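Derivation of every value follows stated rules applied to the coordinates shown; laboratory data play no part. Quantities reported herein were computed from a predicted structural model and do not represent experimental measurements. When we count neighbours, we look across all protein chains shown, and the Cβ atoms used for this are built from the backbone with ideal geometry, even at glycine.
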Amino acid sequence: MTLDLFPDHDDGAGRREELAPGAVVLRGLALPQQAEILAAVDDITSRAPLRHLTTPGGFRMSVAMTNCGARGWVSDRRGYRYDALDPESGRPWPPIPEVFLELAANAASEAGFEGFAPDACLINHYEPGTRLSLHQDKDERDYSQPIVSVSLGIPAVFLFGGLKREDRCLRVPLGHGDVVVWGGPARLRFHGVMPLKAASHPGLGMRRVNLTFRKVG
Ligand SMILES: O=C(O)CCC(=O)C(=O)O
Ligand SMILES: [Mn+2]
């Protein structure tokens, strides 16, 4: 737990909001590293381009994705899985940049999960109208480790539900620099992203980039 020394600040940066036991939003936590993070995203997407994956049911995903790390999340007609190689190039995914690893470990530690060392980072790319349907992150072997999710660019409404699909969802607005962490009793909660509204961000234009860090194990 970190003491908030400036509880009355009005810019919202660094504010910690608990969503559920084991789940917090850390407002603006990624802002100090935003330029470095965005440069790293450009470098990764130049080597492992964003693409729309196909679901096992044959649908094209609305979110465009790529990965960095020892493992990358992929989906095709055969199912969802982690793969050490980018199926488009046959090469390993680019490594997770140091600035990502530091941010992910800091965020996890702020949320009470010490020593988080992710081996996978899924990069999601949204435009106005893009959505991500309600799902659990459960393709990882190691559920003892949290998920750390970093939002950049235009705002989104994150849906944060319960352990059953039909449970009520919180609607959590997420903006540029916000980080969400869920682990422990919240690790398998359903979540998703509402269709994005049209908006423009000074640095990213009409785009939202989300980084989700996972320990696949
Ligand atoms: O874009 C987001 O905020 C959530 C992404 C997510 O849930 C995922 O990649 O599994
Ligand atoms: Mn997810």
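Just to check your reading of the model, which residue among 213, 158 is more than 17 Å from residue 61 (Cβ to Cβ), outside any loop (DSSP other than H, G, I, E, B) and out of contact with any helix residue (DSSP H, G or I) (no Cβ under 9 Å at 6 or more places or on another chain)? Within the list 213, 158, the selection yields 158. Out of (1) farther than 20 Å from residue 108 by Cβ; (2) of a type in the set (A, V, I, L, M); (3) in contact with a Lys or Arg (Cβ under 8 Å, 6 or more places away or on another chain), what's the single condition that is false for residue 216? Here residue 216 meets the rest and fails (1). Condition check: in contact (Cβ under 8 Å) with a residue 60 or more places away in the chain, away from ligand 1 (no atom under 14 Å from the Cβ) and closer than 17 Å to residue 177 by Cβ. Does residue 111 satisfy that? Here the answer is yes, as residue 111 does meet what is asked. Only a single criterion out of (1) buried (at least 22 other Cβ atoms within 10 Å of the Cβ); (2) touching a residue at least 60 places away in the same chain (Cβ under 8 Å); (3) aliphatic (A, V, I, L, M); (4) away from ligand 2 (no atom under 11 Å from the Cβ) is not satisfied by residue 204, namely (1).
Taking region 176-205 as the range and being aliphatic (A, V, I, L, M), under 15 Å from the mean Cα position of the chain (by Cα) and part of a loop (DSSP other than H, G, I, E, B) as the test, the residues that pass are 188, 194.
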